[in-house]
């Protein structure tokens with residue numbers, strides 16, 4: 001089997017021989033880290049969306065069911081399944097921790113990106129306001145240099161007063 005080929009697991013482990021189930025469990029014990037492991041509940045894990053392992057107790061020794069096949073406490077397959085179950089729980093916790101760390105890094109990057117965008121926007125607004133202020137001063141100096149500047153200001157004042165009187169007349 002080449003590296004690109006995926007291992008094919010039987011769907012119903014009740015239908016395979018004891019030797020085949022031992023081989024499958026031994027393969028999983030060697031290769032479980034290659035699969036995404038989901039910790040579904042206290043007594044249930046899933047390996048690569050293909051293998052479901054359930055843990056249950058009839059006595060103080062845990063028994064396991066792998067893809068619908070139940071193994072008794074003294075069966076070699078149960079010993080392998082117990083070891084696999086415990087390894088997978090630890091691996092699921094490790095994989096969850098890695099996912100959480102990646103999420104935290106992504107969240108931190110998003111926060112810093114948002115912070116940088118806000119800073120850039122504020123700097124842009126500040127720069128734009130200063131630029132507009134300079135333009136307004138240049139325009140004001142130019143207007144003051146015009147020969148009819150005083151008449152222009154008086155006309156502006158008259159227009160503003162006229163608008164105010166219209167607004168006052170409408171409200172009465």
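Could you order the peptides 35-41, 92-98 from most to least packed, using the average number of other C-beta atoms within 10 Å per residue? Intermediate values should be presented prior to the final figure.
Working: 35-41: 15.6, 92-98: 13.3.
The most tightly packed comes first, giving 35-41, 92-98.
Measure nothing fancy, just the Cα-based angle from helix 76-145's long axis to the longest principal axis of the chain, in degrees from 0 to 90, nearest 10.
In the chain, helix 76-145 runs at an angle near 10 degrees to the longest axis.
Label point 7 Å out from residue 86 along Cα-to-Cβ: which residues of the range 44-65 have amide N under 13 Å?
61-63, by backbone N distance to the label point.
Can you tell me the orientation of helix 149-171 relative to the chain, as the angle in degrees between its alpha-carbon axis and the longest Cα principal axis, to the nearest 10?
70
Checking the a/c ratio against 1.5 first, then a/b against b/c, what shape does the Cα gyration tensor give for the chain? List each step's numbers first, then the result.
Details: a/c = 6.02, a/b = 4.08, b/c = 1.48.
Since a/c reaches 1.5 and a/b is larger than b/c, the shape of the chain is classed as prolate.
Counting only helical runs of four or more DSSP H residues, what would the 222 nm mean residue ellipticity of the chain come to if each run contributes -39,500 (n - 2.57) and the total is spread over all its residues?
My calculation for the chain gives -23000 deg cm²/dmol from helical runs alone.
State the Kirkwood hydrodynamic radius of the range 13-108 in Å, one decimal place, computed from all pairs of distinct Cα atoms.
Computed over Cα pairs of the range 13-108, the Kirkwood hydrodynamic radius comes out at 14.0 Å.
Applying a 10 Å radius around every beta-carbon, put 62-69, 129-136 in order of their mean neighbour count, most first.
Ranking, from highest mean packing down: 62-69, 129-136.
With a ≥ b ≥ c taken as the square roots of the eigenvalues of the C-alpha gyration tensor of the range 124-172, please select rounded if a/c is under 1.5 and otherwise prolate if a/b is larger than b/c or oblate if it is not?
Note, shape of the range 124-172 comes out oblate.
What FRET efficiency do you get for residue 30 and residue 105 if R0 is 25 Å and r is their Cβ-Cβ distance, rounded to the nearest 0.05?
For residue 30 and residue 105, the calculated efficiency is 0.20.
Among 17-25, 77-85, how do they line up from the highest to the lowest mean number of other beta-carbon atoms within 10 Å?
77-85, 17-25
Laboratory data are not the source of any read-out in this text; all were calculated from the coordinates shown. Computed from a predicted structure; not experimentally measured. As a convention, Cβ positions derive from the backbone with ideal geometry for all residues, glycine included, and neighbour counts pool all protein chains shown.
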